[in-house]
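What follows is calculated from the coordinates using simple rules that are stated; it is not laboratory data. Since this is a predicted model, take the numbers as computed values, not measurements. Reconstructed Cβ throughout: ideal geometry from the backbone, glycine too, with neighbour counts over all protein chains shown.
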Amino acid sequence: RKRRNFNKQATEILNEYFYSHLSNPYPSEEAKEELAKKCAITVAQVRADQCHLTAPLGTLLYREL
């Protein structure tokens with residue numbers, strides 16, 4: 001399977017959500033559905049994107065302990 005990146009607008013929307021919610025970067029199911037509609041992607045793709053964005057954040061928090 002070929003891996004496809006999101007278009008520029010979708011990437012900007014997802015990154016904007018993540019960086020504006022750093023204190024709680026995990027969106028609710030409703031927020032995931034809204035992001036998916038805005039970005040014209042599936043909810044599963046939103047989940048995967050959020051996992052990729054938050055993984056480094058978890059590593060940083062773990063190192064601080």
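Assorted remarks:
- Förster-model FRET efficiency, 22 Å R0, residue 44 and residue 21, C-beta, rounded to 0.05: 0.65
- ³J(HN,Hα) computed for each position of region 39-46 - Karplus, 6.51 cos²θ - 1.76 cosθ + 1.60, integer Hz, glycine/proline x: 8, 6, 10, 8, 4, 4, 5, 5
- Legend: calculated FRET efficiency, residue 9 to residue 51, from the Cβ-Cβ distance at R0 = 22 Å, rounded to 0.05, equals 0.60.
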